[in-house]
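Working notes, beginning with the structure itself.
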Ligand SMILES: [Zn+2]
């Protein structure tokens, strides 16, 4: 990945676990740096509408798992909004409220680097939050409110992003991500997310190697991919 000069990173997640599947490698990388603060914001809490149904539903279960995963990943700050999972489509009030809260949160925190979900993915919450973030950043920039943001990176979880930036996941980071993912027992009961991480990482590496055969190190490790948008291109 292009060397990002950052001091405060904000990862915006529709759900607890997206932080690992979508940008676990980057979170581990930045969390190791003494002068970088890493914040994860999870917008929803699991509801009875959730897709994952292979375990007994308990609203606090996944929240507890996310705090365990945070300890393993080694980042500093985990924040929650309380919107219900799958609670935006057909509910414009919730969507508007989320837009206001995201705006206020970003203005209060003043991150210089923001990871956002892909608005073109299949999961409705990823689509809604990715789309809202596009609007918020564009409108905020027009009004001169977001001059502190230097980089926006779009990450993928459920569908491919047109990537222009790559991040190498070291062996030790991969182990940490797997251990972090293991904390989400509720989610792993429905979907093997470790395999998704491995699959996406391998796919990106293979694609990447076709065009960049001179970068030997990338042949062995997994790759995270992002669409990096620099401040001048918002
Ligand atoms: Zn998600």
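What to note about this one:
- Scanning region 1-35 for residues that are more than 16 Å from the ligand (Cβ to nearest atom) and assigned to a helix (DSSP H, G or I) yields a count of 6.
- In region 76-103, the residues that are in a helix (DSSP H, G or I) and more than 19 Å from residue 37 (Cα to Cα): 92, 93, 94, 95, 96, 97, 98, 99, 100, 101, 103
Residues checked against (1) over 30 Å from residue 3 (Cβ atoms); (2) surrounded by 15 or more Cβ atoms within 10 Å (Cβ to Cβ); (3) under 16 Å from the mean Cα position of the chain (by Cα); (4) modelled with pLDDT under 95:
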{"residue": "39", "(1), (2), (3), (4)": "no, yes, yes, no"}
{"residue": "46", "(1), (2), (3), (4)": "yes, yes, no, yes"}
{"residue": "49", "(1), (2), (3), (4)": "yes, no, no, yes"}
{"residue": "54", "(1), (2), (3), (4)": "yes, no, no, yes"}
{"residue": "62", "(1), (2), (3), (4)": "yes, yes, no, yes"}
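- Residue match in region 117-130 (condition: within 14 Å of the ligand (Cβ to nearest atom), under 15 Å from residue 230 (Cα atoms) and in contact with a strand residue (DSSP E or B) (Cβ under 7 Å, 6 or more places away or on another chain)): no
- Of the residues making up region 70-93, those that are surrounded by fewer than 14 Cβ atoms within 10 Å (Cβ to Cβ) and at positive phi number 1.
- Set 200, 109, 98: member being farther than 20 Å from residue 24 by Cβ and within 16 Å of the ligand (Cβ to nearest atom): 98
- So residue 139, is it free of Cβ contacts under 8 Å to residues at least 40 places away in the same chain, surrounded by 15 or more Cβ atoms within 10 Å (Cβ to Cβ), more than 14 Å from the ligand (Cβ to nearest atom) and over 20 Å from residue 73 (Cα atoms): no
- Just so you know, in region 147-162 the residues that are assigned to a loop (DSSP other than H, G, I, E, B) and at pLDDT 85 or above include one that is farthest from the ligand (Cβ to nearest atom), and it is 147.
The values are calculated or read from the model by the stated rules, or taken from the named source; none is laboratory data. Predicted model only: the values in this text are computed from it and were never measured. Cβ: placed from backbone, ideal geometry, glycine included. Neighbour counts: every protein chain shown.
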